[in-house]
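The values are calculated or read from the model by the stated rules, or taken from the named source; none is laboratory data. Note that this is a predicted model, so its numbers are computed, not measured. As a convention, Cβ positions derive from the backbone with ideal geometry for all residues, glycine included, and neighbour counts pool all protein chains shown.
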Amino acid sequence: MKRNSTRSPKKQRARLMRSPLHKKKKNVSAPLSEDLRKRYKIRKLPVRREDIVHIRIGTFRGTEGRITRVNLQKQILEIDGITREKMDGSKIFYPIHPSNVVIVRLGRLDASRKSMIERKAKEKVEFPEEKEPIEEITEIAEKELEEDEDIELDTEDLRELEEDIVRSPLTVPDEEE
């Protein structure tokens, strides 16, 4: 039986660029960091927006950033803070290939991503409990309050402020003319 494969790099690249989007999604994947590998028992995952990655190859080697956009057509990532300046002074994102990054922290763990991880790991995986952003902010603020002795706010005051923020809807101030 004859296989449809070639050794020509030109033809390999052409096949990658002509492949359909559902196959390109699999190609836009990056390896996981060591601690994520141990936790989820897999080596790599397709990258998504909101993932935090560490750049390991290229001009921006050693920097970390949050993925702001994944372009499946071109198979590149746009990472927050990784920009270059054009001749007219405007800044644009510097494109980075997913093979040049390592996923340090996963963004959102929705049901489809959890099922993908369990399917790839071929066993039951324990996922960390997701905290609401307000809870994370409260914990960070409490740690900073404990470290900084100059601030006289009490953690109870902070919790009351948090409750007020959660209860009150966002309102737009009236415009005075």
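Kindly indicate whether Phe93 is over 14 Å from Ser29 (Cβ atoms), in contact (Cβ under 8 Å) with a residue 12 or more places away in the chain and not assigned by TED's automatic domain parsing to the domain that holds Arg39. Before the answer, list the steps.
Values: over 14 Å from Ser29 (Cβ atoms): yes; in contact (Cβ under 8 Å) with a residue 12 or more places away in the chain: yes; not assigned by TED's automatic domain parsing to the domain that holds Arg39: no.
Considered against the rule, which asks whether it is over 14 Å from Ser29 (Cβ atoms), in contact (Cβ under 8 Å) with a residue 12 or more places away in the chain and not assigned by TED's automatic domain parsing to the domain that holds Arg39, Phe93 comes out as no.
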**Q.** Condition met for Pro31 (out of contact with any helix residue (DSSP H, G or I) (no Cβ under 7 Å at 6 or more places or on another chain), in contact (Cβ under 8 Å) with a residue 40 or more places away in the chain and not hydroxyl-bearing (Ser, Thr, Tyr))
**A.** yes
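Per-residue answers, yes or no, for (1) closer than 15 Å to Ile103 by Cβ; (2) out of contact with any Ser or Thr (no Cβ under 6 Å at 6 or more places or on another chain); (3) assigned to a strand (DSSP E or B):
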site	(1), (2), (3)
Arg49	yes, yes, no
Val53	yes, yes, yes
Arg61	no, yes, no
Gly65	yes, yes, yes
Lys74	no, yes, no
Leu77	yes, yes, yes
Q. Applying the selection to the range 85-109, what residues are over 13 Å from the mean Cα position of the chain (by Cα) and under 17 Å from Ile67 (Cβ atoms)?
A. Ile92, Phe93, Tyr94, Pro95, Ile96, His97, Ser99, Asn100
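Just the residues that are outside any loop (DSSP other than H, G, I, E, B) and surrounded by 11 or more Cβ atoms within 10 Å (Cβ to Cβ), please, taken from the range 24-44. Write out each step before concluding.
If we filter the range 24-44 for residues that are outside any loop (DSSP other than H, G, I, E, B), which is where we start, we get 24-27, 29-32, 34-40, 44.
Correct list: Lys24, Lys25, Asn27, Ser29, Ala30, Pro31, Leu32, Leu36, Arg37, Arg39, Tyr40, Lys44.
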